[in-house]
Each structure stands twice: as structure tokens, then as C-alpha cells.
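Structure incoming, see below.
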Amino acid sequence: MNETFPGIVIREMPSGENGKLLYVLTADRGVVRINATGARKLTASYLKSVQMFAYSRLTVYEKNGHMTLTEAELIEGFYYIRKDLVALAFASYACEMAYISAVPDDSSVLRLLLNTLYAVSNAIAPINIIKAVFELKLCCVSGLMPDIEDGCAVCGDEAAGFCMNELEPRCAVHAVSGGEFIPLCAAARRIVSFVCGADYSKMLSFRASPDAIEDFCAFCESFMTASMEVNPKTLQFYREISRKQL
């Protein structure tokens, strides 16, 4: 049976002499595996359409649960990402997190990843801000929105930050008793609230001081890794590359 659908290549592996095994994020089926015969040949008709990060319209033949690519039409290649090592490292990390988080019958992760890769490819904002927004929105679409509107979970006073061990806000007095504590100034908390409620097309439409941005970025990474209980190698690689670029 032939089927056509759009999707983003978020992972690829060599297959056979010159083929690829593609992991493609789709709107309706989550992540699907597609065998692309001859995709590593320079003469392949769909060479650009099945590269990493490519958003393409794919036609597959499916039999006994296995998909084989028959046609591919590139929609967006996000080529700029490959020209910058930090952008490439982040995009690889974002794709891995999308792979972990995607579920069938929910296009939220696909829409988030598309908007994120577009922002990176077009330099809509600095990479560290795009990364933080992606991490926070991914938590939101995964049902893990942080509770920052209330006060300290222990005493009810104004929260000064977030306890990552308990995943709850804490005041300065009760910060130590909560384990790992990430400070969040008032401006950073406002950014968190804005991003959580913003549409994907508006999620980067904010400004703040460097200190607030620093708090926000530190919070988003820590909250995502703690709430999802992940620490992917692509994130570690992004950190290494980012430090070298400073």
C-alpha cells in the first residue's frame, strides 16, 4: 500500500551498501522508520529530501509494518543549520528530544520542532534562547508545565527559584532543603509564564535583561532534564561546543 505524508528526518543510519534507515517525525504517526534504498548515492533523485533535518513530503510503500521510500519532495531543508557548528549541535539535540517525546496522533512536537529549526536557520534569536524556549515548550506539550505561579511550596512566601529535586518553587529560606536549586528572578519567571502560554509562532517574542535571560536559560535546561529524567549525549555535545565558541 502506498502512502504520502510530510515529515522531518530526525535520525538516520546507514543501511545496506548505499541506503539509509530514516527515522521521520510525522504529524499523525509519531516517529516512523523508513528504508530509503540508494539514499547515500550522489545520484539519488531524493538525496536532499532525506538528509538530516529535511522536512519533506514522502511517499512510501508499506507492507507487513515495514516502510520503503519510493518518492520524496523537499519542502524545507534548513540549510543554514549545517553552516554553524553550534546550530548543528543544538538541532541534533532538539531532534533527539523530539524522538524521545513524540507520540502518535499528536502533532505538537512536530510543530514545535519545525518552528524551532526555522528560528535557528533564520537566526530569529540567539541559539541559547531558542534552546531554552524549545526545552520549556517541549515540557509543556509533554504535560510537564512548571508550576511557577504559586509561592514557595513549603511556606507560601514569594518564590526565589525552583527546586529541581522536588520540581517545585521554593523561597530563599527553603532553597537549601530542596536539593538542587535554580534561582529565578521575577523577570525570568515572567518569561517562563509567557513562553508556556505562547503560540509557537510567538514563543520567541520577548525581551529581557541579560541576567533574566541567564536565569531563564539555566532553568529551562535543568527543568527539562529533571522532569523528563534525561541527559542525552547530544546535550552534552552541545555544551562542549558552546563552551569552545565563547
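In the chain, with Lys and Arg counted as +1 and Asp and Glu as -1 at Cβ, which of these residues, Met145, Gly77, Pro126, has the Cα nearest the positive end of the dipole, that is, farthest along it?
Of the candidates, Gly77 comes out farthest on the positive side.
Something else about it: For region 51-61, what does the Karplus curve 6.51 cos²θ - 1.76 cosθ + 1.60, with θ = phi - 60°, yield as ³J(HN,Hα) per residue in whole Hz, taken in order and with x for Gly and Pro?
Each residue of region 51-61 in turn: 6, 4, 6, 5, 9, 9, 9, 10, 10, 10, 9 Hz.
For a quick protection proxy, order the peptides 186-196, 227-237 by their average other-Cβ count within 10 Å, most packed first.
Ranked from most to least packed, the peptides come out as 186-196, 227-237.
While we're here: Specify whether the C-alpha gyration tensor of region 148-236 places it in the rounded, prolate or oblate class, a ≥ b ≥ c being the square roots of the eigenvalues: rounded for a/c under 1.5, otherwise prolate if a/b is larger than b/c and oblate if not.
oblate
At 222 nm, what helix-only mean residue ellipticity would the chain give, in deg cm²/dmol to the nearest 500, using -39500 (n - 2.57) for each DSSP H run of four or more?
-12000 deg cm²/dmol
Could you go through region 234-239 in sequence order and give the Karplus-derived ³J(HN,Hα) for each residue, using 6.51 cos²θ - 1.76 cosθ + 1.60 with θ = phi - 60°, rounded to whole Hz, and x for Gly and Pro?
5, 5, 4, 5, 4, 4
Another question, then. Calculate the FRET efficiency for Glu73 and Met1 from the Cβ-Cβ distance with a Förster distance of 22 Å, rounded to the nearest 0.05.
Working from the Cβ atoms, E equals 0.70.
Another question about this same structure. Using amide H atoms built in the peptide plane, which far-off residues or other-chain residues are under 5 Å from Asp157 H to H?
Cys152
Something else about it: Suppose a student asked you for the relative contact order of region 2-77, using Cα pairs under 8 Å spaced at least 6 residues apart; what percent would you report?
It rounds to 31 percent for region 2-77.
Okay, next question. When the dipole is taken about the Cα centre of region 1-133, and only Lys, Arg (+1) and Asp, Glu (-1) are charged at their Cβ, what size is it in debye, to the nearest 20?
Computed charge dipole of region 1-133: roughly 340 debye.
Could you please tell me the mean projected area of the C-alpha convex hull for region 119-195, averaged over all directions and given in square nanometres to one decimal?
5.5
Anything over 26 Å Cα to Cα? Flag those among Lys131/Lys244; Lys20/Lys83; Lys20/Lys137; Lys41/Lys83; Lys48/Lys202; Lys83/Lys244, in the order listed.
In this structure, Lys20/Lys137; Lys48/Lys202 exceed 26 Å between Cα atoms.
Dipole of the chain, Cα-centred, from +1 at each Lys and Arg C-beta and -1 at each Asp and Glu C-beta, to the nearest 20 debye?
1140
Here is a follow-up. For region 2-77, what ratio Rg/Rh do Cα atoms give with a Kirkwood hydrodynamic radius?
My calculation of the ratio gives 0.92.
Take Val103 and Ser209, extend 7 Å from each Cα along the Cα→Cβ direction, and tell me the distance between the two endpoints in nm.
4.0
Given the options Met228, Thr43, His66, identify the residue whose Cα lies farthest towards the positive end of the charge dipole of the chain (+1 on Cβ of Lys, Arg; -1 on Cβ of Asp, Glu).
Toward the positive end, the furthest listed residue is Thr43.
Given a Förster radius of 30 Å and the C-beta distance between Lys202 and Leu42 as r, what FRET efficiency does 1/(1 + (r/R0)^6) yield to the nearest 0.05?
In this case the efficiency is close to 0.15.
Read-outs: derived from the displayed coordinates by stated rules, not from any lab. The model shown is predicted, which means the values in this text are computed figures rather than measured ones. Virtual Cβ from ideal backbone geometry, glycine too; neighbours counted across all protein chains shown.
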